[in-house]
Amino acid sequence: MKHVVITGANRGIGLELAKLYAAKGWKVTGVCREGSAELSSVAFQVIDHVDVTREADVQRLAAALKGQGIDVLINNAGLLQDEVLGQLDFDSIRLQMEVNAYAPLRVTEALLPNLGEGGKIANITSRMGSIADNDSGGRYGYRASKAAFNAFGRSLAMDLKPRGIAVAQLHPGFVKTRMVNFGGLITPEESASALYQRIEELNLQNTGSFWHCNGDALPW
């Protein structure tokens, strides 16, 4: 049975990915700060009380998964806040860097012993991390953190290719989740289904790609 590990799995896109993979017969490990009955109903195991910005929590996660092979790691946990130029909140910017960029890199490094040849890492990023695509400004912390995450993901792809592990940066679409006050264009179910297809298509030939969930290549 194939094994997928999903961070931020207790709601939104992460929960829908957990449901989808479970329905397709995968063993699902849901990682989150607070568990939920809905996640527990579909996951093989839930590892909760994990703050991915804390080294001790990530090491506890690695210890809980020791000896368990991982076929797909989905770095999904994220944070969106807003800042206004002239009144920039650097604590907010710093927190988003911790959650959106440093944390998934920390998780990935900690779980590398579980990933073997043929493994995949799917980084749920955002097209708002694209510098070329930024024509509206604002969102300083979110844009910068996702741009950093994209750079980390690209480096991971290059470093892990010789080990047979493929990496993709995936934009989930504008999804109706709590993060955007449910004001998106597609449902979490639709996003999860499209993301699943992109992960299925990920291989060592297209590793390091930055894709929209609909399959379009996005500019860096």
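The values are calculated or read from the model by the stated rules, or taken from the named source; none is laboratory data. Keep in mind the model is a prediction, meaning the values are calculated, not measured. Every residue, glycine as well, gets a Cβ built from its backbone with ideal geometry; the counts of neighbours run over all protein chains shown.
Things to note:
- Test result for GLU83, in a loop (DSSP other than H, G, I, E, B) and either surrounded by fewer than 21 Cβ atoms within 10 Å (Cβ to Cβ) or small (Gly, Ala, Ser) (or both): yes
- Test: residue in segment 166-175 that is touching a His at 6+ places or on another chain (Cβ under 6 Å), closer than 22 Å to VAL72 by Cα and not aliphatic (A, V, I, L, M): yes
- Being more than 14 Å from ASN10 (Cα to Cα), of a type in the set (A, V, I, L, M, F, W, C) and part of a strand (DSSP E or B) is a property that does not hold for LEU61.
- Selection over segment 112-138 of residues that are out of contact with any Leu (no Cβ under 9 Å at 6 or more places or on another chain), assigned to a loop (DSSP other than H, G, I, E, B) and among the small types (Gly, Ala, Ser) gives a count of 1.
- Any hit, segment 39-50, residues being of a type in the set (S, T, N, Q) and part of a helix (DSSP H, G or I): yes
- Condition check for TYR21: among the hydroxyl-bearing types (Ser, Thr, Tyr), part of a helix (DSSP H, G or I) and under 14 Å from the mean Cα position of the chain (by Cα): no
- Among (1) closer than 25 Å to GLY118 by Cα; (2) in a helix (DSSP H, G or I); (3) touching a Leu at 6+ places or on another chain (Cβ under 9 Å) - the single one ILE74 does not satisfy: (2)
- Within segment 118-142, residues that are surrounded by 21 or more Cβ atoms within 10 Å (Cβ to Cβ) sit with their Cβ atoms under 6 Å from residues that are small (Gly, Ala, Ser) and assigned to a helix (DSSP H, G or I), at 6+ positions apart or across chains, in these pairs: ASN123/GLY153; GLY129/ALA147; GLY141/SER92.
- Subset of segment 51-77 (residues that are crowded, with 17+ Cβ neighbours inside 10 Å and without any contact (Cβ under 8 Å) to a residue 40 or more places away in the chain): ASP57
- For segment 55-78, a residue qualifies if it is among the hydrophobic types (A, V, I, L, M, F, W, C), at pLDDT 95 or above and closer than 17 Å to SER126 by Cα, and exactly one does: ILE74.
- Enumeration of residues in segment 1-18 that are assigned to a loop (DSSP other than H, G, I, E, B), without any contact (Cβ under 8 Å) to a residue 60 or more places away in the chain and touching a helix residue (DSSP H, G or I) at 6+ places or on another chain (Cβ under 6 Å): ASN10
- Residue in segment 89-106 that is out of contact with any Lys or Arg (no Cβ under 8 Å at 6 or more places or on another chain), without any contact (Cβ under 8 Å) to a residue 12 or more places away in the chain, assigned to a loop (DSSP other than H, G, I, E, B) and not acidic (Asp, Glu) present: no
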